[in-house]
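> There's a structure below that I have some questions on.
The values are calculated or read from the model by the stated rules, or taken from the named source; none is laboratory data. Because the structure is a prediction, the values reported are computed rather than measured. Neighbour counts run over all protein chains shown; Cβ positions are idealised from the backbone, glycine included. Calculation scope for accessible area: heavy atoms of the full protein, side chains included, ligands and nucleic acids excluded. Shrake-Rupley method; radii C 1.70, N 1.55, O 1.52, S 1.80 Å.
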Amino acid sequence: MKTLAIVSCCFLLMLAGCTPQKVVPITDLIGKKWKAKLVKEGTQVVFSLGGTANVKPSYANFRLDLSDPKQVTFKDIDGRTLVGTWTVSTDNQRLILENLVPKPTGTIGTVEFFITETPTADLLKLERTAESRKTGNSINSYELIPE
């Protein structure tokens with residue numbers, strides 16, 4: 001009888017350990033101002049912070065301000081500032097910028113990024129989900145650091 005009780009308790013503990021884990025949103029971690037550390041257009045590195053031979057030095061002005069939980073300010077390679085809203089997908093895999101004004105060329109006012117690695121307080125790695133018309137239709141990836 002004692003053995004049955006022990007086995008039953010172990011079984012219940014195993015079942016409790018198998019419940020799905022809820023994904024914790026990363027919005028608090030990424031909710032800050034970011035600047036470019038490294039940018040690739042396709043496979044080519046075009047910007048490295050502090051680099052002297054950057055192919056596209058204008059990425060030094062790239063900014064992604066997520067410090068307001070309801071509003072994003074996004075300044076891309078062309079220096080134009082876009083304002084809109086931001087969210088993270090429920091699976092923490094995509095950063096979604098919506099209702100951007102003015103609308104980025106060839107969009108309905110939305111720009112999305114894959115979050116390619118789990119963010120830390122010091123590094124946010126993103127990759128555009130679609131080609132950027134500003135950079136010759138390349139898929140761009142970004143390593144961002146806090147401003």
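> What number comes out for accessible area per residue over the range 74-147 if the probe is 1.4 Å? Units Å², please. Working shown, then result.
Values: 3710 Å² over 74 residues.
On a per-residue basis, the range 74-147 sits at 50 Å².
> Using a ≥ b ≥ c from the Cα gyration tensor of the range 48-130 (square roots of the eigenvalues), is it rounded, prolate or oblate, where a/c under 1.5 gives rounded and otherwise the larger of a/b and b/c decides, a/b for prolate?
oblate
> Further question on the same structure: Would you work out what percent of the accessible area of the range 22-147, with all protein chains in place, is carbon or sulfur (probe 1.4 Å)?
The nonpolar share, carbon plus sulfur, comes to 50 percent.
> Let me ask another. For the range 84-147, what does the alpha-carbon gyration tensor say about shape, rounded, prolate or oblate, given a ≥ b ≥ c as the root eigenvalues, a/c under 1.5 as rounded, and a/b over b/c as prolate?
prolate
> Now for a different question. At a Cα cut-off below 12 Å, give the aspartates and glutamates reachable from K33, other chains included and same-chain residues fewer than 8 away excluded.
The qualifying aspartates and glutamates are D65, D68, D122, E147.
> So which GluC sites (Glu not before Pro) in the range 101-137 end up in coil per DSSP with only 12 or fewer other C-beta atoms within 10 Å?
For GluC sites (Glu not before Pro) across the range 101-137 that sit outside H, G, I, E and B with at most 12 neighbouring Cβ atoms in 10 Å, the list reads E117.
> Counting Lys and Arg as +1 and Asp and Glu as -1, each charge on the Cβ, what is the dipole of the range 42-88 about the Cα centre in debye, to the nearest 20?
The dipole magnitude comes to about 40 debye.
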